[in-house]
There are 2 protein chains.
Amino acid sequence: MAERRLKHWGWGYEDQAPTATQLREAAEGIRARFGFGGEVEKPVPLEEVELRASRLKRPSGLGKAYRDVVRGFYGRFENPPDLVAFPRDESEIEAVLSWAEAEGAAVIPFGGGTSVVGGVEPRVGERPVVSLDLRRLDRVLEVDPASLAARIQAGATGPGLEDQLREHGLTLRHFPQSFEYATLGGWIATRAGGHFATLETHIDDLVESVRAITPRGTWESRRLPGSGAGPSPDRMLVGSEGILGVIAEAWVRVRPRPRFKVSAGVTFKDFDEAAEAVRAIAQSGLHPANCRLLDAAEAELTGAGDGSANLLILGFESADHPVDHWMDLALAPAREHGGSTGEVRTSGGGDDAVGAWRGAFLLAPYLRDTFVACGVLSETFETAITWDRFEEFHATVMETTRRAVAAASGVPADGPGAPRVSCRLTHVYPDGAAPYFTVLAPAIRGGEVEQWDEIKAAVSEALIDAGGTITHHHAVGRDHRPWYDRQRPAPFAAALRAAKAELDPAGMLNPGVLLDP
Amino acid sequence: MAERRLKHWGWGYEDQAPTATQLREAAEGIRARFGFGGEVEKPVPLEEVELRASRLKRPSGLGKAYRDVVRGFYGRFENPPDLVAFPRDESEIEAVLSWAEAEGAAVIPFGGGTSVVGGVEPRVGERPVVSLDLRRLDRVLEVDPASLAARIQAGATGPGLEDQLREHGLTLRHFPQSFEYATLGGWIATRAGGHFATLETHIDDLVESVRAITPRGTWESRRLPGSGAGPSPDRMLVGSEGILGVIAEAWVRVRPRPRFKVSAGVTFKDFDEAAEAVRAIAQSGLHPANCRLLDAAEAELTGAGDGSANLLILGFESADHPVDHWMDLALAPAREHGGSTGEVRTSGGGDDAVGAWRGAFLLAPYLRDTFVACGVLSETFETAITWDRFEEFHATVMETTRRAVAAASGVPADGPGAPRVSCRLTHVYPDGAAPYFTVLAPAIRGGEVEQWDEIKAAVSEALIDAGGTITHHHAVGRDHRPWYDRQRPAPFAAALRAAKAELDPAGMLNPGVLLDP
């Protein structure tokens, strides 16, 4: 049997691409629904791709940002790595680092390659680049059922580690949109956001200890449920995006698979009222597992509504006790804020509405490929903001985005053919929320990258000017750098730079993300 | 009216010291109960204290570790600061830092002076020292009721900030044992542990953003409910113990005062069974506000039992909904593990059993002063460990401590007159617990510091050898350094050292804590 090959430009495997008929039907639907897009083009086949350098292994995609997908579609791989290394153990990671340091090469740790922010793209100038692909370090090495923790190698993918944990009746329950391909090491390096809308919103909260290989030795923290001994070593590695060391493995907090689940949809006429309901729930101490608010356009886009109402998806789950009482309590403030509650579904832990929604959620990256083929530019922006500024922030960003996308796409900001901008809240906190904006616009064929760059810059400005973060869970990478630099405290940047210089004096680890090369 | 003066050697104000009669009665009680101690001595009065240097303001105690209290009792202030500065605003903090840098002086940020680990003691060799006392920065500057957050100056004490928040119907609900005197800035600098036994166990979790003055500029993070933009700047400052900058203020997460409370005591014959019950509750997702397990000796010591049974104090609280259902669910595993439940008390938010216990808890530091006067050495050790290692860890540390204390105190390890070692769990996690050990032994009069040093070293070795952390919430300071150095990842230490050198090239900020001077 031929080995299954990942698409060289988009999401998933080659055999998961839509057929010509499916694409044509999708194109017709897109045109009918959005008033733009619908001219199907074909990607430049892998065989016609020409790559720059010589010491080369064919890349299976170097990032999954919109601009990566578009460039891949056109066969433009401007920054291939010069070498791809597949270490089988830590000594091989060390060997690669030593060799690269001697050669003056850069090293970019590579997990699933699902970065949407240029986090693993060898955009490092003339310096030769080694892509350090951790796919062979994919094992759950140890399970501690008493502490509900597991030691897992950095290259384990979402499905891979869940399969291995399932044998023990356990689960990490970390389901970012990249779940299917992304890896534990990548999640830790980028502070990935996951399944839970409250409490453990980021992988940060699931990390018990980390083991990383730095050019100056092994960084391994103790397994501790909590500590107050100096600044947290783990919290310095979490989000370090490969610049301090190569994460080799981690102890993470797992849990029994949920036995009790209850979910409900609540519709609201008014988005701000819906957000107020979400605020009340986020501040109630009820800690729903799911608390996702889709505005009317977003609900329509994901097939969860007809575009007339905002939809709040609420879910509670537990391995310990029925959670119906929690749902009853959470629905009260939702109703007080004008919400209409539909059917409340209780399930024994199998498939349910939340599960179905999750399936659609995980399919979204595939959909983007269809959009690219059909001439639709699609992009997302995600951030976080405190509740006191939420309403104005949301209005400002929606408006700025609509205008910026229209300007960059040569279409009117309103009316037929105007860009679609929608919003959902992916995670919520007692003190604020994480809004996630989706943009759809007619693509400027062949000029998508420039078009995207212009939109990205305008929306990012708006997010930062209005007090948000440049990313709640997509990481900084190379694409978010200008705004990240404005956001972070200057002395912190200096401290991080000094820390990196100490551990990586050659500056070889993923140069350009977080800090200048 | 004369200004109220803090005791120069122990806890609280001078007028809170026990009378001669009270002390005599305490001494009799101590002798009867422990079989050691009971010879009352008087502290060296402040008027007889001789201090080293000339540029001096009288210190009101430089730390509240057992060794500080004993040295103060004997009038030994070997390391007074050369100057105490009381900045009224940030520009005065900056001025002190500039002046000190030019003078070659060290600067030690000072909050309530409640450190029990030598965190604020000017033990820095020949270098002159400025104690930067932040007591004048004691205001709640801003309240954001929508986001449930408040901007508070670093020098605000527990009661001070609670008084100001109460006007808004809000509370931080952070009640470390140092609550009465300690400050927000001190809590953030030392990762203080607070009221909540689960979820927000440390001040870390209550911090929304921090503003600190470093020698290289102001470090201010954005107010964000969550972020994924690089390593968290706040998490680098939290626990930095004054070595990177002077924390001036912070936005912290506050909450409405609880309206619903329920508490219960559960007794267990067997400590390990009780710990298993606690583990089940910690892994249930019920998140009790209080889940404190006292072993039989600890229960007796705090007047909460007769020494025959282990006591679990369980509490739930909410400003949103009644919490009786939570208690019902949590008591089930407690009973399954052999627990006998007493009366379950529901209260409308006023005083209750938990409140009463908290009162006794906050009085403990005063009791230590009485012990010192009566010839009893008292000390505590606290740590954290995962559940898989808990039972063996607990047994090993108890045994090691008993033997070490006996050896250092010249008494038998068992039988009459033997040292008392007891344990409680102060905070619990799904993956482990934070055990807190209390030691009482006959003091070697005049040799208490050496006796304490010997005990401290032996127990700390045991904690680190067995895989724990040298501190769960008392911080590192100077006293925990040897074991902290063994615990932390070497590359992390190098990174922290480089970060400090970048921000504080003169090495003037609290030299000796966390890193070598």
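Numerical summary
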{"quantity": "Residue within the range A:171-189 that is aromatic (F, W, Y), surrounded by fewer than 24 Cβ atoms within 10 Å (Cβ to Cβ) and either over 27 Å from A:A85 (Cα atoms) or free of Cβ contacts under 8 Å to residues at least 40 places away in the same chain (or both) present", "calculated": "yes"}
{"quantity": "Members of the range A:319-337 that are within 12 Å of chain B (Cβ to nearest Cβ), touching an Asp or Glu at 6+ places or on another chain (Cβ under 8 Å) and not aliphatic (A, V, I, L, M)", "calculated": "none"}
{"quantity": "Which listed residue is within 10 Å of another protein chain (Cβ to nearest Cβ) and basic (K, R), from B:R166, B:R223", "calculated": "B:R223"}
{"quantity": "Tally, over the range B:1-45, of residues that are hydrophobic (A, V, I, L, M, F, W, C) and in contact with a Ser or Thr (Cβ under 7 Å, 6 or more places away or on another chain)", "calculated": "3"}
{"quantity": "Residue, nearest to the other protein chains (Cβ to nearest Cβ), within the range B:142-161, restricted to residues that are within 19 Å of B:I247 (Cβ to Cβ) and either in a strand (DSSP E or B) or among the acidic types (D, E) (or both)", "calculated": "B:A149"}
{"quantity": "Wholly within the range A:426-507, helices (runs of 4 or more DSSP H) carrying at least 2 residues that are facing chain B (nearest Cβ under 7 Å)", "calculated": "A:481-487, A:490-503"}
{"quantity": "Residues of the range B:149-191 that turn out to be out of contact with any helix residue (DSSP H, G or I) (no Cβ under 8 Å at 6 or more places or on another chain) and at positive phi, as a count", "calculated": "2"}
{"quantity": "Among (1) closer than 19 Å to B:H472 by Cα; (2) surrounded by fewer than 24 Cβ atoms within 10 Å (Cβ to Cβ); (3) more than 7 Å from chain B (Cβ to nearest Cβ) - the single one A:V210 does not satisfy", "calculated": "(2)"}
{"quantity": "Filtered residues of the range B:92-141 (kept if in a loop (DSSP other than H, G, I, E, B), under 23 Å from B:A182 (Cα atoms) and out of contact with any strand residue (DSSP E or B) (no Cβ under 7 Å at 6 or more places or on another chain))", "calculated": "B:G113, B:T114, B:S115, B:V116, B:V117, B:G118, B:G119, B:E121, B:R123, B:R135, B:R136"}
{"quantity": "Among residues of the range B:178-199, those that are part of a loop (DSSP other than H, G, I, E, B) and either of a type outside the set (A, V, I, L, M, F, W, C) or within 10 Å of chain A (Cβ to nearest Cβ) (or both), counted", "calculated": "9"}
{"quantity": "Residues being within 14 Å of chain A (Cβ to nearest Cβ) and under 19 Å from B:K261 (Cβ atoms) - total across the range B:285-316", "calculated": "7"}
{"quantity": "Single match in A:D369, A:D414, A:D388 (criterion: at the interface with another protein chain (Cβ under 10 Å from one of its Cβ atoms), among the acidic types (D, E) and either crowded, with 23+ Cβ neighbours inside 10 Å or free of Cβ contacts under 8 Å to residues at least 60 places away in the same chain (or both))", "calculated": "A:D388"}
{"quantity": "Residues of the range B:284-331 that turn out to be of a type outside the set (A, V, I, L, M), over 30 Å from B:L148 (Cβ atoms) and outside any loop (DSSP other than H, G, I, E, B), as a count", "calculated": "3"}
{"quantity": "Odd one out for B:T267, checked against (1) within 25 Å of B:R292 (Cα to Cα); (2) of a type in the set (S, T, Y); (3) in contact with a Pro (Cβ under 9 Å, 6 or more places away or on another chain)", "calculated": "(3)"}
{"quantity": "Extreme residue, nearest to the other protein chains (Cβ to nearest Cβ), among residues of the range A:226-246 that are in contact (Cβ under 8 Å) with a residue 40 or more places away in the chain and not in a loop (DSSP other than H, G, I, E, B)", "calculated": "A:M236"}
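Bear in mind that the values in this text are calculations on the coordinates, not laboratory data. Here the structure is a predicted model, which is why all the values come from computation and not from measurement. Glycine also receives a Cβ, built like all others from the backbone with ideal geometry; neighbour counts cover every protein chain displayed.
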